[in-house]
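Chemist: Structure in structure tokens, see below.
Taken together, the values in this text are just the output of simple stated rules run on the coordinates, not laboratory data. Fair warning: this is a prediction, and the values are worked out from it, not measured in the lab. No Cβ is skipped: glycine too gets one built from the backbone with ideal geometry, and neighbour counts run over all protein chains shown.
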């Protein structure tokens, strides 16, 4: 036993002796996505590895063993998308789906045509693994074979149809809500019907319209790759999910799909800027923090919505920190502090902050839970609606629909969450559950990246589901044979009964029609 113990300890110590080289590709120009990828990149560098980091936000201060590849042309693409968020949110989910995937195709194409990326592909570099964000950018997965390395996916907002298909993770629509729908895991009959129909629509749209366009980009920019596009997708070695079961709904995962939600959260509170610290400490009744994230600017809200926010905040006894992207806010109340940037993580960690008004993005809800703060959510797009459905079901938040946002609806939601201690208690309880992990999410992520690297892709984790067609996976051929056989047997029985009935009727008819013998005189 002692020999076994020392062998395990030695293996664990040697795991960091070997230095690996990684390529990380983040195609989005969204700061929230970047923060997740940056946390993993820095974690790998701290573990002694080298990371080539392709993103739209190069490091302001150089970090040893982290080489930035700047994706400067991604930012304008995202800016166009951001400017249309409010307009797109008015459309139905059926109409928004093609628009969302069109954004993905545009980002995929833009990244592959970046001069810095074209140069990278021409260089004779080698990597031990390629870590690629999974966000409607399947053609980018071709980097892995190009550099003869295992493919690791990084899902910055949890499991979705984009990620589950990569490793064969089952997603029963009976209790796994589509990530774009505002549903929980306990659905009514009509909600299950909606979830099933939209999941089928999304599957058909991706298979016949979206993925073929990604395939064209893959063939164009990786002409020497031997794997076809669809085999390449299902050859993914590992998917890291920016989620945790304590924050979401329980659901099945393939063994090579691992939850690492919370990598970006600061474990130690940093000192706040003096003006913000003074504003928070001087709030007798506490502080409310309001931010709509990095993609949507509250300064771009329609005038009616902005006035509703101003009117609501003016009537509160609490002070408000409002992430507002314009230095000029006409009618700003005295109890409101505006800035185009706040250290959100550190603000939520402050004991005098009582409530977080958010758009419901996964990073924001994760930070709110980690720090035990209840939320009022104003979801606009993407997974925000589902995240707020989770918050309401879990009891630590309330949703205010943007189209119903008014002084009355927002004030009522704020008063309810602040004055009902059950919301804060539930946020604290979820914080305890989320923190109750035997390792930090970042440590888990680094371990699994290293594990897949050491095991040369860890093929043994690959589910057999990846080798089955849609028909085989759902046993539709077997069911067709069974029901076809049953149908044939029933038809045969019916045919025999009908034939027997006809025969009996014929015999009876012959007996009745038999001529009587004539009597002789």
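Chemist: With 10 angstrom as the radius, rank 189, 491, 337 by how many other C-beta atoms surround their C-beta, starting from the fewest.
Modeler: On the way: 189 7, 491 10, 337 20.
Ordered by Cβ neighbours within 10 Å, fewest first: 189, 491, 337.
Chemist: Suppose the chain between residue 94 and residue 429 were pulled fully straight at 0.36 nm per residue; how much longer would it get relative to their current alpha carbon spacing?
Modeler: On the way: separation 335, 0.36 × 335 = 120.60 nm, distance 3.68 nm.
Result for the pair: 116.9 nm of gain on full extension.
Chemist: Starting with the fewest neighbours, write out 31, 354, 226 ranked by other beta-carbon atoms found within 10 Å of each beta-carbon. Intermediate results must be reported in sequence, preceding the final value.
Modeler: On the way: 31 15, 354 19, 226 8.
Sorted ascending by nearby Cβ count, the order is 226, 31, 354.
Chemist: May I pose another question? Could you check the simple spin-label distance between residue 175 and residue 18, using points 7 Å along Cα→Cβ, in nm with one decimal?
Modeler: 4.0
Chemist: Can I ask one more? Quick one: Kirkwood hydrodynamic radius for the chain, alpha-carbon pairs, angstrom, one decimal? Don't skip to the answer; put the middle values down first.
Modeler: Numbers: mean 1/r = 0.0386 Å⁻¹.
Answer for the chain: a Kirkwood hydrodynamic radius of 25.9 Å.
Chemist: On a full-extension model of 0.36 nm per residue, what is the gain between residue 303 and residue 470, subtracting their alpha-carbon distance, rounded to one decimal in nm?
Modeler: Numbers: separation 167, 0.36 × 167 = 60.12 nm, distance 4.92 nm.
Contour length minus the Cα-Cα distance gives 55.2 nm.
Chemist: Per the helix-only calculation at 222 nm, which mean residue ellipticity applies to the chain, given -39500 (n - 2.57) for every DSSP H run of n ≥ 4 and division by its residues, nearest 500 deg cm²/dmol?
Modeler: Values: 21 runs with 246 residues, N = 521.
The helix contribution divided over the chain gives -14500 deg cm²/dmol.
Chemist: Next question. Report the gain in length on full extension from residue 351 to residue 496: 0.36 nm times residue separation, minus Cα-Cα distance, nm rounded to one decimal.
Modeler: Values: separation 145, 0.36 × 145 = 52.20 nm, distance 8.14 nm.
That works out to 44.1 nm of additional length.
Chemist: Arrange 322, 341 by Cβ neighbour counts within 10 Å, fewest through most, would you? Intermediate results must be reported in sequence, preceding the final value.
Modeler: Numbers: 322 22, 341 9.
Neighbour counts put them in this order, fewest first: 341, 322.
Chemist: Mind listing the Cα extents of segment 274-435 along all three principal axes, in Å, largest one first?
Modeler: Here the Cα extents, ordered largest to smallest, are 42, 35, 27 Å.
Chemist: With labels modelled as points extended 7 Å from the Cα through the Cβ direction, what inter-label distance (nm, one decimal) is found for residue 113 paired with residue 82?
Modeler: 2.2
Chemist: Where in segment 444-459 does the amide nitrogen come within less than 17 Å of the point 7 Å from the Cα of residue 126, taken along Cα to Cβ?
Modeler: In segment 444-459, the label zone of residue 126 (backbone N under 17 Å from the point 7 Å along Cα→Cβ) covers 453-457.
Chemist: Sticking with this structure for a sec: Do you know the relative contact order of the chain, to the nearest whole percent, from alpha carbon pairs under 8 angstrom that are 6+ apart? Don't jump to the answer; show the numbers that get you there.
Modeler: On the way: 785 pairs, mean separation 71.7, N = 521.
After rounding, I find 14 percent.
Chemist: Using only Cα atoms, tell me the angle between helix 93-112 and the longest principal axis of the chain; keep it within 0 to 90° and round to the nearest 10.
Modeler: Tilt of helix 93-112: around 60 degrees.
Chemist: So for segment 29-68, averaging the separation of alpha carbon pairs under 8 Å that are six or more residues apart and normalising by length, what relative contact order in percent results? Don't skip to the end; give the middle numbers.
Modeler: Numbers: 31 pairs, mean separation 16.1, N = 40.
This gives 40 percent for segment 29-68.
Chemist: What is the Cα coordinate range of segment 197-347 on the first, second and third principal axes, sorted by size from largest, in whole angstrom?
Modeler: In descending order, the Cα extents are 63, 37, 34 Å.
Chemist: What is the Rg over Rh value, at two decimals, for segment 223-268, using alpha-carbon atoms and the Kirkwood definition of Rh?
Modeler: Numbers: Rg = 15.3 Å, Rh = 13.2 Å.
Reported Rg/Rh (Cα atoms, Kirkwood Rh): 1.16.
Chemist: Can you pull a Stokes-Einstein diffusion coefficient for segment 163-241 at 20 °C (1.002 mPa s), Rh from Kirkwood over Cα pairs, as a whole number of µm²/s? Please report the intermediate quantities before stating the final value.
Modeler: Details: Rh = 14.5 Å.
My calculation gives 147 µm²/s for D.
Chemist: Compute log10 of I(q)/I(0) for segment 217-298 with the Debye formula, placing one identical point scatterer on every Cα and leaving out solvent, at q = 0.12, 0.14 Å⁻¹, to two decimals.
Modeler: Normalising to I(0) and taking log10 leaves -0.74, -0.86.
Chemist: Before anything else, pin down the relative contact order of segment 261-339: Cα pairs under 8 Å, at least 6 apart, normalised by residue count, whole percent. Present the calculation step by step, with values, prior to reporting the outcome.
Modeler: Numbers: 76 pairs, mean separation 23.4, N = 79.
Once divided by the residue count of segment 261-339, the mean separation gives 30 percent.
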